[in-house]
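Participant: Dropping a structure here in structure tokens format, bear with me for questions.
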Amino acid sequence: MNYPRRFDGVISRIARPVRRRLAAILSACLALVVAAACSAGTAGSGPAGSGGGGQASTSGKYLNFFPCCFWGTTWSYNPYNVNGLGIQSDFISLRLADQNFPSMTDYTPQLAQSWTAKNGKLVVNLHQGATWQDNTPVTSKDLYDTAILDGLRGDGFWNDITDVKITDNDTVTFVLKKGEPTTLAENDILANIIVYPYSVYGKFVTDGIAKDVKTYFRTMQTDPAKAAKLPQFTRMSDTFKDLAAMKVNKLIGDGPFQLDNITNQEAKLSKWNGFWGADKIKVAGVEWANGQNEAVYPQLLSGKTDLSSVYMPPPILKQWTKVQDANTAVPPSFGYVLGFNSHKYPLSMTEVRQALAYVIPRQQMTEAAFGTTKNGGGVWKKINTGISPSLEQLNLTQDQLNQLNPYPLDTNKATQLLQSKGFTKKGSQWMMPNGKPFTLTITVNSATSNQVTSDNSAAKALTAFGIKTSVNATSGAQQDADQHNGDFDIGSFSPNSNDPLAMYGAMMGPGQNYSTAGTYAGKRGIGFGPTMNVPGLGKVDITQELNKEASSVPPGDQMKKLTWDWAQLVNQQVPYIWYATKNYQFEYSTKDFTNWPPVDNSGTSALWNLAGYNMTAGFSLALQQGYIVPKS
């Protein structure tokens, strides 16, 4: 199967597209989440109960949406529970603002009507007239309590602030830590805080626990080791366990839809007329089907589903293109990457990694997995910059790209590079300078069929060149452990971010390279560096440098300069190869609905890009803006 996608902007096995997380407390956060999972309260199937307030629409058509794999047999109406419903985000409960991906500075207001940043503070003004679906007003108390509870969960925006305060009934002030770039704080706060009613969750926000959260994070920002030993942390952990375990009987949101009922197979959401923009929404609601890919395909191909985000392998895509009224939008998303274990001989030699770059068939790998049909699930990457094409367009010039090595398929250059380091060929097999055969293994998650297919294609090409290569398709958990521990030759990775420095950090920072915190603290990962001579920067510890830059450099000229520095390093040193970029495939039918968001020549547009970055946000916003209209 391909990566199953939950409809909350989250891709399984890939970090949520939040710009930054708190690397220093990953271990602590993991402990909190695991503890919560062990005691989680869940809601059973059956009616969810409408929220009151405005009445649900009783006429008009419901949009039939059928993605893949959104909830299992157990779920919770509690968003802090490990089984929280992803469909709550953006449709039922609003975030402060939608980030217009791939921009890091452009937003569309949601629950936040406006905001200002001045004198080290971010002041957020809530939407005037916003109400909960139980007829009570949304106030600053709701946002304040949510911010404190998000701190218990370890959300990344707490690395940006030292305090949060209620200013008045509709305004909350976030006090930024000294030197924190405003644009980065906006990114973490506006785009990532989804507000929940204090009438449901506020009992956990005592004066004492609010003070604990603030004290803990202030300490964590300067001394993570000390913070983990504070009694405040223990109290936070205990409170979060209770919060995550609380059973919530009814979803009370502030968004454009309310949950009427849910079963294992379907959720029904009706338009909530108490929402301030309800008049612009033209559908009566959303019938949200739930199931595996194999259940989605026949519904799409028979015209019974209006919208889906299911991955279509080449044979299914060919069938879909022949269906009347079938359309597909393909916004770009995360990368498919082969990462080398640069600590392991002979991959520790730059020339060896460069040689492999001349042999690994990036286009062939991509087409093997996604085919050559238009609107396929992936596009091969011609120049290895280490970041996505979208971020290249924003941060690198064409002149800079022209200076980089495209590493075309060239076995002669690969041969010269290997021979320059003492490799010899014995018959059809390359031998290492130590006299042993040069063999490789590519590690991959067996559940990601497209990556397995691509890796088999790479293995075949390397073997034909004289480097016998096999593919180790194992469980996701084992793959993750092997790659973090440095027990691999070539690993399979999928970095994703809207920040180029964070994207470089996803591969060469402390997450995958010489981890400093969490479960794999002290492990090598890809083993690149850590001390390297980076163009434009000189000799630096790349893991710590990237970690620092990702948390301190806002969009602008400095970010572009640093992006160029790291692009040169990746291109020259080849610690990893970005061979393809994933295209999200959003299938939609014009049989019963018209006025879908526009699609340009590249198969996407602003709203589809947002949906690719954060699916619930993208489709909720499209409906709020009057798109997707039932045919009369």
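Participant: For the range 261-277, enumerate the residues that are in a loop (DSSP other than H, G, I, E, B) and either open to solvent by 50 Å² or more (accessible area, probe 1.4 Å) or of a type in the set (Phe, Trp, Tyr) (or both). Before the answer, list the steps.
Facilitator: At the first step, the residues of the range 261-277 found to be in a loop (DSSP other than H, G, I, E, B) are 263-265, 273-277.
Within the range 261-277, Thr263, Asn264, Gln265, Asn273, Phe275, Trp276 qualify.
Participant: Out of the range 278-305, which residues are open to solvent by 10 Å² or more (accessible area, probe 1.4 Å) and outside any helix (DSSP H, G or I)?
Facilitator: Scanning the range 278-305 gives Lys282, Glu287, Ala289, Asn290, Gly291, Gln292, Ser302, Gly303, Lys304.
Participant: Something else now. Name the strands (runs of 3 or more DSSP E) wholly inside the range 426-510 in which the number of residues that are touching a helix residue (DSSP H, G or I) at 6+ places or on another chain (Cβ under 9 Å), open to solvent by 10 Å² or more (accessible area, probe 1.4 Å) and of a type in the set (D, E, K, R) is 1 or more. Spell out the reasoning first.
Facilitator: Details: elements: 429-431, 439-445, 468-474, 490-493.
Of the strands (runs of 3 or more DSSP E) lying wholly inside the range 426-510, those with at least 1 residues that are touching a helix residue (DSSP H, G or I) at 6+ places or on another chain (Cβ under 9 Å), open to solvent by 10 Å² or more (accessible area, probe 1.4 Å) and of a type in the set (D, E, K, R) span 468-474.
Participant: Does any residue of the range 173-183 turn out to be within 30 Å of Phe275 (Cα to Cα) and in contact with a helix residue (DSSP H, G or I) (Cβ under 8 Å, 6 or more places away or on another chain)?
Facilitator: Scanning the range 173-183, I find at least one residue that is within 30 Å of Phe275 (Cα to Cα) and in contact with a helix residue (DSSP H, G or I) (Cβ under 8 Å, 6 or more places away or on another chain), so the answer is yes.
Participant: Next up: Checking the structure you have, find out if any residue of the range 65-77 is in contact (Cβ under 8 Å) with a residue 24 or more places away in the chain, over 19 Å from Ser309 (Cα atoms) and surrounded by fewer than 20 Cβ atoms within 10 Å (Cβ to Cβ).
Facilitator: Yes, that holds for at least one residue.
Participant: Also, I was wondering about something else. Give the range 317-329 a look and list any residue that's open to solvent by less than 30 Å² (accessible area, probe 1.4 Å) and either without any contact (Cβ under 8 Å) to a residue 60 or more places away in the chain or of a type in the set (Ser, Thr, Tyr) (or both), or say none.
Facilitator: Thr328
Participant: Sort out which residues of the range 582-630 are among the basic types (Lys, Arg) and modelled with pLDDT of 95 or more, and write them in order of number. Give the derivation first.
Facilitator: Taking the range 582-630 as the starting set, the residues that turn out to be among the basic types (Lys, Arg) are 582, 591.
Correct list: Lys591 only.
Participant: Go through the range 162-175 residue by residue and tally those that are over 18 Å from Asp207 (Cα atoms) and buried (at least 23 other Cβ atoms within 10 Å of the Cβ).
Facilitator: Qualifying residue count, the range 162-175: 0.
So that you can scan it fast, the table gives a plain yes or no per residue for (1) closer than 25 Å to Ser449 by Cα; (2) at pLDDT 95 or above; (3) touching a Lys or Arg at 6+ places or on another chain (Cβ under 7 Å):
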residue: Asp260; (1), (2), (3): no, yes, yes
residue: Lys268; (1), (2), (3): no, yes, no
residue: Gly274; (1), (2), (3): no, yes, no
residue: Val283; (1), (2), (3): no, yes, yes
residue: Gly291; (1), (2), (3): yes, no, no
residue: Pro298; (1), (2), (3): yes, yes, no
residue: Ser309; (1), (2), (3): yes, no, yes
residue: Pro314; (1), (2), (3): yes, no, no
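Table: residues versus (1) in contact with a strand residue (DSSP E or B) (Cβ under 9 Å, 6 or more places away or on another chain); (2) over 25 Å from Pro598 (Cα atoms); (3) of a type in the set (Lys, Arg).
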| site | (1), (2), (3) |
| --- | --- |
| Asn327 | yes, no, no |
| Tyr358 | no, yes, no |
| Arg362 | yes, yes, yes |
| Phe370 | yes, no, no |
| Lys381 | yes, yes, yes |
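Participant: I'm checking my understanding of the structure. Among residues of the range 514-550 that are modelled with pLDDT under 95 and of a type in the set (Phe, Trp, Tyr), which one is surrounded by the most Cβ atoms within 10 Å (Cβ to Cβ)?
Facilitator: Per the criteria, the residue is Tyr514.
Participant: Identify, please: which residue in the range 180-224 is among the charged types (D, E, K, R) and more than 30 Å from Phe101 (Cα to Cα) and is, among those, farthest from the chain's Cα centre (by Cα)?
Facilitator: Looking only at the range 180-224, we keep the residues that are among the charged types (D, E, K, R), and these are 180, 186, 188, 203, 207, 211-212, 214, 218, 223.
Subsequent filtering for residues that are more than 30 Å from Phe101 (Cα to Cα) retains 203, 207, 211-212, 214, 218, 223.
Details: Lys203: 31, Asp207: 34, Lys211: 31, Asp212: 29, Lys214: 27, Arg218: 27, Asp223: 28 Å.
Within the range 180-224, the match that is farthest from the chain's Cα centre (by Cα) is Asp207.
Residue-wise test of (1) exposed (fewer than 14 other Cβ atoms within 10 Å of the Cβ); (2) under 27 Å from Val310 (Cα atoms).
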site: Phe370; (1), (2): no, yes
site: Gly376; (1), (2): no, yes
site: Lys381; (1), (2): no, yes
site: Pro389; (1), (2): no, yes
site: Leu396; (1), (2): no, no
site: Pro406; (1), (2): yes, no
site: Asn412; (1), (2): yes, no
site: Gln416; (1), (2): yes, no
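The values are calculated or read from the model by the stated rules, or taken from the named source; none is laboratory data. Computed from a predicted structure; not experimentally measured. For neighbour counting, all protein chains shown are included, and Cβ atoms are generated from backbone atoms with ideal geometry for every residue, glycine included. When the accessible area is computed, the model is the full protein with side chains, heavy atoms only, and any ligands, DNA or RNA have been set aside. Shrake-Rupley method; radii C 1.70, N 1.55, O 1.52, S 1.80 Å.
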